[in-house]
Amino acid sequence: MREPQSRRTFLGVAATGAALGLNTTTTRGEGSDSLAILGGKPVRKGEYTRWPIIDQDDERAWMEVLRTGRWCRLNGKYADTFEEAWARTLGAKHALAVANGTSALVTSLAALGVGPGDEVVVPPYTFVATINAVLLHHALPVFVDTDIETLQIDASKIEAALTERTTCIIPVHLGGSAADMDQIQTIARKHKIPVLEDACQAHLAEWRGKKVGTMGALGCFSFQASKNLNSGEGGAIVSNDDRLIEECKSFQNNGRGSSALYAHSRNGANLRITEFQAALLARQLSRLETQSRTREQNAQYLTSLLKEIPGLAPARMYDGCTRNAYHLYMFRYAPDGFAGLPREQFLKALAAEGVPASSGYEPLYRQPFLKNTLESRGFKAIYPPERLAALSGGIHCPQNDQLCKEAVWLTQTMLLGPRSDMDQIADAVRKIQRHAGKLVKA
Ligand SMILES: Cc1ncc(COP(=O)(O)O)c(C=O)c1O
């Protein structure tokens, strides 16, 4: 029997399908009614779309870089080519490709001058990199609770979290949907605080027709293996601000200016993308639009099915979100609709039916990394004990706590197949619902 998985394992398993040890035949679940977890026939026997999708052009691009011997962007051309294409695709003035999404965030915060003593508003429902980027600059993350219906930061609670030390607001467009950019931009403008969009999961997502990542001072993307645009590792920063993008360029290139190799105008690090990553990205980008449309159509259909199932609540989108990238398909699960069946058992039963799903993030503010960092020598040297204590012990995000108990995620690769795949997901859920009582007793 397959167990529910951690997020990264889950994204990998769902992507390969092979790891499920299944063949490619499919069966509809409504007829074969005994639960797979109790020995019955699974609703689905088959792989989801393999990820990444590659063809001969990807191989050619890779080999071209290999043969030129120009593997570093300092003497290559592919990083420049991809940056132009990414900026054009998003309608941004500038794009800068970097090593990964974490580097994009770290670089952007450096460009914004975020440092010791500063506070940065963050959502708690995100990948840890959003928070780590803040901590790496010795600034304090200030968690604003989640809107449990959309799974995004609750923008109505941001203003109350601002202090005179707030130097940045980081909305995360989680799962490929969009945070409430109307409210966030209004608050940011009023208080003159820059917005850094973490769009690491939201390639091509839109807010009122504009691509997410292009509305704040800076926007960050990840091209890590699980992402909708993938080069194994990779990242990008987009901006319409000439000065900020120059700061980013310099920071990720060891603080160099644009002229001499050993002239360093600011602090920095080597967070550059390689030519191999950039060449793959340029190729993968040619498929992104079509793949995104498929995900969107399948996801909308899946929502129409799942919202009718008592106990399930698909993540709501804000009205302003005119396009969802569906990096994740997210819904909330209430045991009440399933004879009291706990979420972990629901996930096990779903996996046995051939539909792998994950329980998503744990509350980040309860994890040891935060307390350990705040109690480190460096942080103690910067901040008074009461400020650190308030952060490490006093975080109150009840909506997020609740969400972490209820969330269920399906990965983007499950949305790339035929519409019948969506029927199967709903069939599997309904089948578990019909028999949930047996599992509760078992
Ligand atoms: C919301 C979010 N922010 C930041 C990152 C970091 O990106 P990377 O893994 O490319 O460093 C990720 C990647 O999973 C992410 O999902």
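The values are calculated or read from the model by the stated rules, or taken from the named source; none is laboratory data. Because the structure is a prediction, the values reported are computed rather than measured. In this analysis, Cβ positions are derived from the backbone assuming ideal geometry, glycine residues included, and neighbour counts consider all displayed protein chains.
Structure summary
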| item | result |
| --- | --- |
| Index of the failed condition, SER103 passing every other in (1) assigned to a helix (DSSP H, G or I); (2) more than 16 Å from the ligand (Cβ to nearest atom); (3) at pLDDT 95 or above; (4) of a type in the set (Gly, Ala, Ser) | (2) |
| Verdict on LEU140 being touching a His at 6+ places or on another chain (Cβ under 8 Å), hydrophobic (A, V, I, L, M, F, W, C) and more than 16 Å from the ligand (Cβ to nearest atom) | no |
| Members of segment 172-203 that are on the phi > 0 side of the Ramachandran plot and either under 10 Å from the mean Cα position of the chain (by Cα) or buried (at least 22 other Cβ atoms within 10 Å of the Cβ) (or both) | GLY175, GLY176 |
| Filtered residue count, segment 143-177, keeping only those that are closer than 14 Å to LEU196 by Cβ, assigned to a loop (DSSP other than H, G, I, E, B) and more than 15 Å from the ligand (Cβ to nearest atom) | 1 |
| Any pair with Cβ under 6 angstrom, 6 or more apart, that starts in segment 148-168 at a residue that is without any contact (Cβ under 8 Å) to a residue 24 or more places away in the chain and ends at one that is assigned to a loop (DSSP other than H, G, I, E, B) | LYS157/VAL144; LYS157/ASP145 |
| Segment 219-229 - residue that is near the ligand (Cβ under 10 Å from one of its atoms) and within 17 Å of ILE53 (Cα to Cα) and, of those, surrounded by the most Cβ atoms within 10 Å (Cβ to Cβ) | PHE223 |
| Residue that is surrounded by the fewest Cβ atoms within 10 Å (Cβ to Cβ), among those in segment 287-296 that are touching a residue at least 24 places away in the same chain (Cβ under 8 Å) and not basic (Lys, Arg) | GLU289 |
| Residues that are surrounded by 13 or more Cβ atoms within 10 Å (Cβ to Cβ) and more than 13 Å from ALA99 (Cα to Cα), drawn from segment 261-279 | HIS264, SER265, ARG266, GLY268, ALA279 |
| Complete set of residues in segment 365-379 that are under 16 Å from ALA139 (Cβ atoms) and within 24 Å of the chain's Cα centre (by Cα) | TYR365, PHE369, LEU370, THR373 |
| Tally, over segment 348-383, of residues that are in the same structural domain as HIS327 (by TED's automatic domain parsing), among the charged types (D, E, K, R) and part of a helix (DSSP H, G or I) | 1 |
| Number of positions in segment 125-140 that are part of a helix (DSSP H, G or I) and in contact with a Pro (Cβ under 8 Å, 6 or more places away or on another chain) | 4 |
| Residue pairs meeting the criteria (Cβ under 8 Å; at least 6 apart or on separate chains; first closer than 12 Å to THR130 by Cα, in segment 98-118; second near the ligand (Cβ under 9 Å from one of its atoms) and among the aromatic types (Phe, Trp, Tyr)) | GLY101/PHE221; GLY101/PHE223; ALA104/PHE221 |
| Residue tally, condition touching a residue at least 60 places away in the same chain (Cβ under 8 Å) and in a helix (DSSP H, G or I), over segment 44-65 | 6 |
| Selected residue [away from the ligand (no atom under 16 Å from the Cβ) and either under 25 Å from LYS93 (Cβ atoms) or in contact (Cβ under 8 Å) with a residue 24 or more places away in the chain (or both)] from ALA278, ALA263, ALA282 | ALA282 |
| Criterion (surrounded by fewer than 24 Cβ atoms within 10 Å (Cβ to Cβ), aliphatic (A, V, I, L, M) and touching a residue at least 40 places away in the same chain (Cβ under 8 Å)) met by exactly one of ALA334, ALA389 | ALA334 |
